[in-house]
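J.: First the structure, which I've put down as structure tokens, then a few questions once you've had a look.
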Amino acid sequence: MKKIQIQGVSETMLQTMYARAAYSKQKNAKIHDDKAVEIVSRVDYDFSLAGDDALMSKGVIARTILLDRMVGDFIRQNPNATVINIACGMDTRAYRLKIGSTVRWYNIDLPETIEVRRRFLEENGHISMIAKSAMDERWADEIEEPKGRVLVIIEGLVMYLSEQDVKQILSIISRRFERAEVIMEVMNPWVVKNVKEKSIEKTKVKFTWGIKSGKELQCISPDYTWVRDVSLVEGMKIIMPVYYLFGWIPVVKNISNKLVVLRKG
């Protein structure tokens, strides 16, 4: 067992990893994250709050199902893609999707987070790690010249940032790549102000920023064109069919987190 000591936003990666591991053990699970199951079994950490936080867990699984599908589709259409996973935490999507050796995959996060990641995952070659903040433009210098299309994933991060931080991240991507597609998870402002997830509260971090629609990002970063918003309700339908009955209700669909697809170039 390896004891982990990490605080702040970085600690939330342990909660989300546990959610994927616990769900993977369920009968008829829609995703199977074997890497998460293995790592959780080797970590000395109190996951009790994460285990009791149904709101957080279901949101994580809904998001994971949708992102796995969206990223998987992109890679199948672009087998020479470069994928940049910003604020990767303990994400294991590259392994779940069984990406081929022609895909170049970069996992980027803070140095203290990457230090923890390296204790459990040896990544080099076509899957590698970069230990830098998403707001540090030097991470872009470590990306090899893409041979195909570029996809940037920003999952579970921007709700803890400011609008200026988000603008900075998008600006770094825009300056480095002439053409890129971005999938960014965003939170509704009402949820930012009024909803608390008890396992996340334990880490002493708070939600700070949100938008109602990805269209707002075009005003923040005019280099990008908004393509679509995908509500996490679509993922909830897969794990909880009751959402087919009331997921169409505007208030339910609107306050759910969204996966925003942006295109530059």
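The values are calculated or read from the model by the stated rules, or taken from the named source; none is laboratory data. Predicted, not measured: the structure shown is a model, and the values here were computed from it. Counting neighbours? That spans all protein chains shown, and the Cβs are built from the backbone with ideal geometry, glycine included. Heads up: the accessible areas ignore ligands, DNA and RNA and are worked out on the full protein's heavy atoms, side chains in. Shrake-Rupley method; radii C 1.70, N 1.55, O 1.52, S 1.80 Å.
J.: Need the failing condition index for Ile6 against (1) at pLDDT 95 or above; (2) in a loop (DSSP other than H, G, I, E, B), just the number.
T.: Tallying (1) at pLDDT 95 or above; (2) in a loop (DSSP other than H, G, I, E, B), Ile6 fails exactly one: (1).
This table checks each residue for (1) more than 23 Å from Gln5 (Cβ to Cβ); (2) open to solvent by less than 60 Å² (accessible area, probe 1.4 Å).
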{"residue": "Ala21", "(1), (2)": "no, yes"}
{"residue": "Asp33", "(1), (2)": "yes, yes"}
{"residue": "Ile39", "(1), (2)": "no, yes"}
{"residue": "Arg42", "(1), (2)": "no, no"}
{"residue": "Ala50", "(1), (2)": "no, yes"}
{"residue": "Leu55", "(1), (2)": "yes, no"}
{"residue": "Gln77", "(1), (2)": "yes, no"}
{"residue": "Ala87", "(1), (2)": "no, yes"}
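J.: Could you list all residues from segment 10-42 that are under 21 Å from Leu110 (Cα atoms) and polar (S, T, N, Q)?
T.: Result: Ser10, Thr12, Gln15, Thr16.
J.: If you don't mind, another one. Could you please give the count of residues in segment 223-263 that are part of a strand (DSSP E or B), aliphatic (A, V, I, L, M) and surrounded by 16 or more Cβ atoms within 10 Å (Cβ to Cβ)? If you could, list the steps in order and put the result at the bottom.
T.: If we filter segment 223-263 for residues that are part of a strand (DSSP E or B), which is where we start, we get 224-231, 258-263.
Imposing the further condition that a residue be aliphatic (A, V, I, L, M) reduces the set to 227, 230, 259-262.
When the remaining residues are screened for being surrounded by 16 or more Cβ atoms within 10 Å (Cβ to Cβ), the result is 230, 259-262.
Count: 5.
J.: I want to confirm something. Restricting to segment 89-98 and keeping residues that are open to solvent by 20 Å² or more (accessible area, probe 1.4 Å) and not aromatic (Phe, Trp, Tyr), which single residue is nearest to Thr12 (Cα to Cα)? Before the answer, list the steps.
T.: Just the residues of segment 89-98 that are open to solvent by 20 Å² or more (accessible area, probe 1.4 Å), to begin with: 95-98.
Now narrow it down to the ones that are not aromatic (Phe, Trp, Tyr): 96-98.
Details: Arg96: 20, Leu97: 23, Lys98: 25 Å.
Among them, the one singled out is Arg96.
J.: Evaluate the following for Ile84: is it without any contact (Cβ under 8 Å) to a residue 60 or more places away in the chain, outside any loop (DSSP other than H, G, I, E, B), within 22 Å of Ile169 (Cβ to Cβ) and among the β-branched types (Val, Ile, Thr)?
T.: Details: without any contact (Cβ under 8 Å) to a residue 60 or more places away in the chain: no; outside any loop (DSSP other than H, G, I, E, B): yes; within 22 Å of Ile169 (Cβ to Cβ): yes; among the β-branched types (Val, Ile, Thr): yes.
Against the criterion (without any contact (Cβ under 8 Å) to a residue 60 or more places away in the chain, outside any loop (DSSP other than H, G, I, E, B), within 22 Å of Ile169 (Cβ to Cβ) and among the β-branched types (Val, Ile, Thr)), Ile84 does not qualify.
J.: Could you grab me the full set of residues in segment 87-108 that are of a type outside the set (D, E, K, R), assigned to a loop (DSSP other than H, G, I, E, B) and in contact with a strand residue (DSSP E or B) (Cβ under 7 Å, 6 or more places away or on another chain)?
T.: Of all residues in segment 87-108, those of a type outside the set (D, E, K, R) come to 87-90, 92, 94-95, 97, 99-103, 105-108.
So of that shortlist, the ones also assigned to a loop (DSSP other than H, G, I, E, B) come out as 87-90, 92, 97, 99-103.
Within segment 87-108, Ala87, Cys88, Gly89, Ile99, Val103 qualify.
J.: Mind listing whichever residues of segment 16-48 are among the small types (Gly, Ala, Ser) and in contact (Cβ under 8 Å) with a residue 24 or more places away in the chain? So that I can check it myself, show each step before the final result.
T.: The initial filter retains those residues of segment 16-48 that are among the small types (Gly, Ala, Ser), namely 19, 21-22, 24, 29, 36, 41, 48.
Residues satisfying the conditions are Ala19, Ala22, Ala36.
J.: Could you list, in sequence order, all residues of segment 158-202 that are within 18 Å of the chain's Cα centre (by Cα), modelled with pLDDT under 95 and in a loop (DSSP other than H, G, I, E, B)?
T.: Glu197
J.: Would you confirm, using the coordinates I've provided, whether Glu122 is closer than 21 Å to Glu38 by Cβ and among the charged types (D, E, K, R)? Break it down into steps so the answer makes sense when it comes.
T.: Numbers: closer than 21 Å to Glu38 by Cβ: yes; among the charged types (D, E, K, R): yes.
Yes; evaluated as a whole, the condition is true for this residue.
J.: Oh, and also: Would you check if there is a residue in segment 102-114 being open to solvent by 10 Å² or more (accessible area, probe 1.4 Å), in contact (Cβ under 8 Å) with a residue 60 or more places away in the chain and under 13 Å from the mean Cα position of the chain (by Cα)? Quick ask: steps written out before the conclusion?
T.: So in segment 102-114, the residues open to solvent by 10 Å² or more (accessible area, probe 1.4 Å) come out as 102, 104, 109-112.
Within this subset, residues satisfying the condition of being in contact (Cβ under 8 Å) with a residue 60 or more places away in the chain are 109-110, 112.
Cutting the leftovers down to under 13 Å from the mean Cα position of the chain (by Cα) gives us 109.
Scanning segment 102-114, I find at least one residue that is open to solvent by 10 Å² or more (accessible area, probe 1.4 Å), in contact (Cβ under 8 Å) with a residue 60 or more places away in the chain and under 13 Å from the mean Cα position of the chain (by Cα), so the answer is yes.
J.: Give the residues of segment 26-80 that are of a type in the set (A, V, I, L, M, F, W, C), assigned to a loop (DSSP other than H, G, I, E, B) and over 18 Å from the mean Cα position of the chain (by Cα), sorted by residue number.
T.: Correct list: Ala29, Phe47.
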